[in-house]
Amino acid sequence: MTNDAIGAVRRESQALVRSLDHHPLVGAVIRGDASREEYVRFLRCTYHYVRWSGPLLAATAAGLGRNERYAWLTATVLAKADEESPHDRWILEDLRRCGANPELVKASAAPAAVQAYVEWSLAMAEAGSPAFLGYAYGLEFISMSRAQVAAENLLARAAIPEIEDASSFLVGHGIADPGHVALLEQVLGRIEDPEDQAAILLSASMLRVLYPLFFRTAPQAIPQPDHWTA
């Protein structure tokens, strides 16, 4: 991708971060103003998309492995899949420390926006596309920009009992993700195919729309595909 194309992906992510500052739930967490109930809801909704980070990266790596143009990228994406895989456990532990039941969270239905994110990512992975990197970039950019700020504000406000023991997910991402964003920009700079560049930018643009909707309660009337209950 050219510097202009990478800049377009970055601008989508920057716009998303700015919008989250005004989101009724995510914004409260970022400012440290969230109540215990709001923080639990934030973690519960976050779990539903984070649990897919490792599997979607692994699926993307498998698809890239079938695409001879991206043999150089497969190992990097697989390493990222391994790194992301335990993060949903951080969330479940934070929920437990907040007094929530992790098993009930795991059994709850994912919002429709998360389903859309997963199905699009799986479809593009099956096609051997690096499109998921647009999603990955945006999610890392959110964490880089706001995770540490949110953790610090929650600890400073201390409105949630024992928050110092229930912020491992935010703290962990705030520390690690600046390096992850820099690595992704290096990777994006090596992707030259115009269609793949467009797919990556589209994923970043879709995340800007879908991510705020991740924090809605899933309507029970929406049918759940079999693999959502696995």
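Figures for the structure shown
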item: Hits in the range 94-109 - residues which are under 17 Å from residue 166 (Cβ atoms), of a type in the set (D, E, K, R) and under 18 Å from the mean Cα position of the chain (by Cα); result: 94
item: Number of the condition not met by residue 112 [criteria: (1) more than 13 Å from the chain's Cα centre (by Cα); (2) buried (at least 24 other Cβ atoms within 10 Å of the Cβ)]; result: (2)
item: Selection from the range 93-131 of residues that are of a type in the set (S, T, N, Q) and free of Cβ contacts under 8 Å to residues at least 12 places away in the same chain; result: 101
item: Lone qualifier among 82, 21, 94 - being among the charged types (D, E, K, R) and either modelled with pLDDT under 95 or under 20 Å from residue 129 (Cβ atoms) (or both); result: 82
item: Scope the range 121-131; condition more than 14 Å from the chain's Cα centre (by Cα) and buried (at least 19 other Cβ atoms within 10 Å of the Cβ); matching residues; result: 124, 125, 129, 130, 131
item: Single match in 196, 165 (criterion: loosely packed, with under 15 Cβ neighbours inside 10 Å, over 17 Å from residue 50 (Cβ atoms) and either in contact (Cβ under 8 Å) with a residue 12 or more places away in the chain or among the basic types (Lys, Arg) (or both)); result: 165
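Condition check ((1) surrounded by 15 or more Cβ atoms within 10 Å (Cβ to Cβ); (2) of a type in the set (Lys, Arg)) across all residues:
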residue: 65; (1), (2): yes, no
residue: 68; (1), (2): no, no
residue: 73; (1), (2): yes, no
residue: 83; (1), (2): no, no
residue: 91; (1), (2): yes, no
residue: 97; (1), (2): yes, yes
residue: 101; (1), (2): no, no
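The values are calculated or read from the model by the stated rules, or taken from the named source; none is laboratory data. Predicted model only: the values in this text are computed from it and were never measured. Glycine gets a Cβ as well: all are built from the backbone with ideal geometry, and neighbour counts include every protein chain shown.
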